[in-house]
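First the structure, in the form of structure tokens, and then the observations on it.
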Amino acid sequence: FIYIKMKKSITYLMVFLFILVSNKVASQTASANANAVVKIAGPLTLTKNVDLNFGTVSGSTQSGSVIIAPDGTVTTFGGVTVIDQSLLSAASFGVFGPANTSFTITLPSYVELKNELNTSIALYGMNSNPSGSGTLGPTGTATLLVGASITVNASQGEGIYQGDFEVT
């Protein structure tokens, strides 16, 4: 009889220990910490290096156009001739920021150039190299070249025509 009671007591003890141990195992938790990191890059900057310059042109009784490509290539159409090419240039900008950063380019569609008598010439067809978007190099720099077109009307008045345009 004692043997059976002892066997029952040991069995109860074993069940009790099993429940106790299994509850401890089941209620254990684990945790870990992680860092949150963000690097704020400096802003992009755009600096003008060279103005867009169509040089000195001569009109006639026919209208004509002068086109300067971003690479500086000049093309004329109609009754206009470039008579002084020494100042011809596409606009040039330096783009600066964090290395390998992508950027988008926005150019105006139309700019009015005016002379001292308030007579105007349309600047239009602006395009760039790179076109639309670009990426800064490993040193955080890029060059943006901008070309455009003008139309010189028949018997266009003399003067220096100028106007500002914004590149973003």
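What FRET efficiency, computed as 1/(1 + (r/R0)^6) with R0 = 22 Å and r the Cβ-Cβ distance, is obtained for Lys114 and Leu44, rounded to the nearest 0.05? Result of the calculation: an efficiency of 0.10.
How much length would be gained if the chain were fully extended between Ala69 and Asn129, taking 0.36 nm per residue of separation minus their Cα-Cα distance, in nm to one decimal?
On the way: separation 60, 0.36 × 60 = 21.60 nm, distance 0.91 nm.
Contour length minus the Cα-Cα distance gives 20.7 nm.
Along its principal axes, segment 81-149 has C-alpha extents of 46, 26, 19 angstrom, given from the largest down.
Ignoring ligands, DNA and RNA, what accessible area per residue does segment 31-168 give at 1.4 Å, in Å²?
Details: 8360 Å² over 138 residues.
I get 61 Å² per residue for segment 31-168.
At a 1.4 Å probe, what is the % contribution of carbon and sulfur to the accessible area of segment 85-149? Carbon plus sulfur share of accessible area: 52 percent.
The values are calculated or read from the model by the stated rules, or taken from the named source; none is laboratory data. Keep in mind it's a predicted model, so treat the numbers as computed, not measured. When we count neighbours, we look across all protein chains shown, and the Cβ atoms used for this are built from the backbone with ideal geometry, even at glycine. The area values use the complete protein model at the heavy-atom level, side chains included, leaving out ligands, DNA and RNA. Shrake-Rupley method; radii C 1.70, N 1.55, O 1.52, S 1.80 Å.
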